[in-house]
Amino acid sequence: MYALPAAPPPAPRRQLFVGTALACAAATTFFGGLIALFVRFRQEALSVTEGEWKPAAAKVPEVPTNVMLLAFLFIGIFAQWAVYAARRQHKGGTALALGLVALLGIAVLNSQAFVYRQMGLGLGDGTYQTMFYVVTGAFVALLIAGLVFTVVAAFRYLGGRTSEREIISAHAMYWYFLSAMYVVLWFVVYVTK
Amino acid sequence: MTTIDPHVTGAGVDHVDAHSGERADGLLASVADWITTTDHKKIGRLFIGSSLLLLLGVAALGVLLGIERIDATDAMLDAGAMPQLFSLYRLVLTFGVVVPFGLGLALTIVPLQLGARSLAFPRLAAAGFWAWLLGTGMVIGSIVANGGPGGGDEHMVQLFLVSMALAVVGLVAAAGSIAVSVLTTRAPGMNMRRVPLFSWSALVYALGLLLALPVLFGVLVLLFVDHRNGRSTFGGNVGIAGWLRVSASQPATVLYAVPVFGLLLETVATATRKRLPMRGVGLIGIGLVGTALFAGVAQVDAGLSRDLIDLELGDALREIVPYAVLNALPLLGGVVVLLVFLLAAAGRPRIQSPLLFSFFGAGMVLVGLLGNAVYHVGDAQLAGTVFEEGAWIYVSYGTVIALLGGVVYWGPKIWGRSIADKKVLPLALLGVLATILASLPYYIAGFADQLGDTAAYPDYSGPSELWNTLVAVGHGLMALTVLAFVGLAVQSFTKGERAGDDPWDGQTLEWATSSPAPADNFADVHVISSAEPLLDLKPARSEGAA
């Protein structure tokens with residue numbers, strides 16, 4: 001055995017934060033790939049003379065989709081508020097901020113369900129319908145993962161592990177990522193359709 | 001708590017009786033221990049062992065397909081099953097053997113090289129292994145039951161897609177664990193420039209997988225939804241093979257060979273007992289090979305058209321730039337690593353079996369990279385021929401050979417015993433012969449227009465029977481190589497000569513702990529002040545001796 005110099009315990013290196021960042025990067029290529037295929041199929045459908053992509057009868061309800069965009073703006077603010085409060089050991093503020101993130105996340109989920117109901121599309125009715133549900137469904141799955149993350153972060157932090165602020169920062173980063181993804185989704189699927 | 005803290009509780013520690021400190025006895029306890037383990041060395045070994053078993057099956061399938069191709073007019077196997085068999089062969093060799101083998105070796109060794117007590121997120125890595133194993137098992141089962149690409153059973157086709165997605169998720173989970181480990185659990189003093197070469201290649205590899213495989217997962221989700229709803233946007237069951245092919249063919253598969261180049265530089269540095277010259281250039285070279293990830297992310301296969309010379313500059317650049325990024329950059333990276341290797345080899349390395357395995361393996365991968373660059377040149381007129389299959393086999397089998405060298409190299413650290421050089425060296429040569437026989441004839445047959453991924457091909461001017469016979473023999477030899485290697489490894493690692501803590505006169509931190517490494521790797525956290533911390537302690541023996 002070699003006599004290498006021993007070291008004192010090193011400072012924590014934010015494994016959860018780095019892990020979340022890598023998970024966000026992986027989810028970006030996953031979601032990006034789906035969006036790219038949506039755009040590709042749309043381009044192919046519209047390149048044919050009198051080609052149809054989105055069924056004429058299917059109207060995108062603009063109010064809920066725009067409200068969702070606004071909700072993500074506030075989610076970002078509240079997630080960062082949680083980080084701010086946690087840094088100051090302000091348990092009440094952290095709890096309130098995380099609660100608001102969860103509340104708005106559920107509201108977004110509800111809005112998405114409303115959009116599905118309003119559009120009334122069948123999953124297997126056509127290429128647009130399939131692509132629409134897969135792209136928005138993938139986002140819903142990521143959103144649900146975000147809500148689980150919020151609940152876990154809240155339980156851990158409020159359960160007394162207030163020194164573990166890293167999870168609050170990682171949580172905020174994940175919601176920023178979701179917000180960015182929604183902006184892309186909103187523009188490609190709901191605006192340019 | 002981080003994984004390099006001095007006291008580890010739970011994660012990364014083997015299942016040991018809390019009171020007596022003795023390992024629980026009994027077969028059942030042992031099985032339970034392996035199933036629930038969070039020890040990175042065990043998770044890595046599970047990956048390695050499973051992928052080697054799968055390799056035996058794949059090589060046997062390669063023999064069958066080779067025999068089937070000897071006579072294009074006489075079918076031995078069911079002609080309707082051929083697309084499924086070719087898909088099984090390609091997907092299992094790529095995602096059942098090459099990728100998990102590299103991940104397994106990285107999971108086993110990287111934390112030791114970093115001076116860490118355990119892996120980051122070990123439970124994630126363990127879950128990744130079981131997801132991959134279950135997914136791969138169901139992929140094989142579903143294809144056997146008439147599912148998979150081109151399959152006739154609707155439910156089995158869907159099961160194949162779900163299983164494939166599960167396997168991909170498992171691989172991504174393990175890759176994530178490795179990447180986070182390299183980024184966060186390095187010993188004090190080990191900045192990114194001092195990361196051991198194999199760990200650096202493992203980081204490039206893991207990040208590449210993390211970015212490329214989720215795109216494949218997205219494609220699988222779309223294929224499943226499309227198929228489940230009776231749609232044919234993606235070409236139905238017949239179209240599945242085309243959509244999955246990009247991730248399991250050149251140049252995307254070059255990414256899966258990245259650890260080979262880290263291993264090559266690591267073993268040559270050890271064999272010369274000197275610091276690796278131009279180490280930074282070597283790190284850049286490994287990174288350049290990793291640019292093959294763009295093919296997996298973009299899901300494209302960029303080539304140069306035949307009329308390139310007649311195109312306007314703008315149009316020509318639109319072909320040249322993607323070609324250069326997807327095909328030429330990884331090749332350039334491989335050449336850079338080779339040059340660093342040659343520079344190091346000028347220091348008269350000792351001939352050791354790990355060095356030969358990794359040298360031969362990397363050589364095969366480089367021939368595959370070169371073949372890939374040629375395949376995508378339009379004037380070569382190789383599109384759709386077996387030439388691509390030849391390049392893919394070069395890369396895949398080359399990777400396997402090099403990684404077998406990794407098992408020989410780090411075996412003492414894992415099992416505490418070593419394989420005798422004289423016994424294992426012939427297997428390196430046999431592996432190279434097998435790879436060349438299984439690949440090179442397809443390079444020639446490709447120029448003679450033998451079609452790829454099918455047993456039926458038009459009669460061409462050339463000894464088609466000879467080429468296809470040689471390929472079948474090559475796959476058979478590879479199966480033999482793996483079988484002999486596994487037998488020798490089991491014998492040596494259970495009853496072989498006990499190895500010392502540093503049997504190769506190594507340079508990196510894994511050789512500073514006992515052999516086999518204890519459950520939590522190191523008694524103390526070490527401080528390092530160079531990329532070769534052990535060489536700092538033995539300058540007289542190493543640099544002076546050279």
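Read-outs: derived from the displayed coordinates by stated rules, not from any lab. Predicted model only: the values in this text are computed from it and were never measured. We place every Cβ from the backbone using ideal geometry, glycine too, and count neighbours over all the protein chains shown.
Summary table below
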{"item": "The range B:95-113 versus the range A:22-78: alpha-carbon centroid distance in Å", "result": "37 Å"}
{"item": "Per residue convex hull volume, Cα atoms of the protein assembly as shown, in Å³", "result": "177 Å³"}
{"item": "Average beta-carbon neighbours from other chains, 10 Å sphere, peptide A:33-44", "result": "3"}
{"item": "Net charge contributed by nearby residues that have their C-beta within less than 10 Å of A:TYR157 (K/R +1, D/E -1)", "result": "+3"}
{"item": "Descending principal axes extents, the range A:41-149, alpha-carbon based, whole Å", "result": "62, 23, 21"}
{"item": "Neighbour-limited loop hits for trypsin sites (Lys or Arg not before Pro), the range B:325-417 (at most 14 other Cβ within 10 Å; DSSP other than H, G, I, E, B)", "result": "B:ARG350"}
{"item": "Chain A - Debye-derived log10 I(q)/I(0), Cα point model, q = 0.15, 0.17 Å⁻¹", "result": "-0.90, -1.07"}
{"item": "Cα-based helix-to-principal-axis angle, A:127-158 vs chain A, degrees rounded to 10", "result": "20 degrees"}
{"item": "For B:GLU312, B:GLU319, B:GLU532, order by how many other beta-carbon atoms lie within 10 Å, fewest first", "result": "B:GLU312, B:GLU319, B:GLU532"}
{"item": "GNM flexibility winner over chain A from A:PHE38, A:PHE74, A:PHE30 (Cα, springs under 10 Å)", "result": "A:PHE30"}
{"item": "Largest-first principal axis extents of the Cα set of the range B:267-415 (Å)", "result": "56, 31, 26"}
{"item": "Distance (nanometres) between label positions extended 7 Å along Cα→Cβ at A:THR28 and A:ASN66", "result": "2.9 nm"}
{"item": "Neighbour net charge for B:LEU382 - beta-carbon separation under 12 angstrom, K R +1, D E -1", "result": "-3"}
{"item": "Cβ neighbours within 10 Å from other chains - mean over B:216-222", "result": "6"}
{"item": "R0 of 30 Å, Cβ-Cβ distance B:SER529-B:ALA29: FRET efficiency to nearest 0.05", "result": "0.10"}
{"item": "Largest-first principal axis extents, alpha carbons of the range B:58-153, Å", "result": "59, 28, 14"}
{"item": "Degrees separating the helix A:15-47 axis from the principal Cα axis of chain A, which is the longest one", "result": "10 degrees"}
{"item": "Ascending count of other beta-carbon atoms within 10 Å, so fewest first, for B:ILE67, B:ILE43, B:ILE48", "result": "B:ILE67, B:ILE48, B:ILE43"}
{"item": "Residues of type aspartates and glutamates that B:LYS538 reaches as a straight line, Cα spacing below 16 Å, ignoring anything fewer than 8 places off in the same chain", "result": "B:ASP501, B:ASP502, B:ASP505, B:GLU510"}
{"item": "Percent of C-alpha pairs per 20 Å bin, the range B:37-542, short to long", "result": "24, 57, 18, 1"}
{"item": "Cα pair distances in the range B:103-209, grouped into 5 Å bins until the bin that holds the longest one, percent each", "result": "2, 14, 20, 17, 12, 10, 9, 7, 5, 3, 1, 0"}
{"item": "Helix runs (DSSP H) in chain B reaching 27 Å along axis by Cα, Kyte-Doolittle at least -0.5", "result": "B:40-70, B:122-144, B:154-184, B:197-228, B:353-375, B:387-415, B:421-447, B:464-495"}
{"item": "Cα-based reach from A:LYS193 at 17 Å (exclusive), listing lysines while leaving out same-chain residues under 8 positions away", "result": "A:LYS54, A:LYS59"}
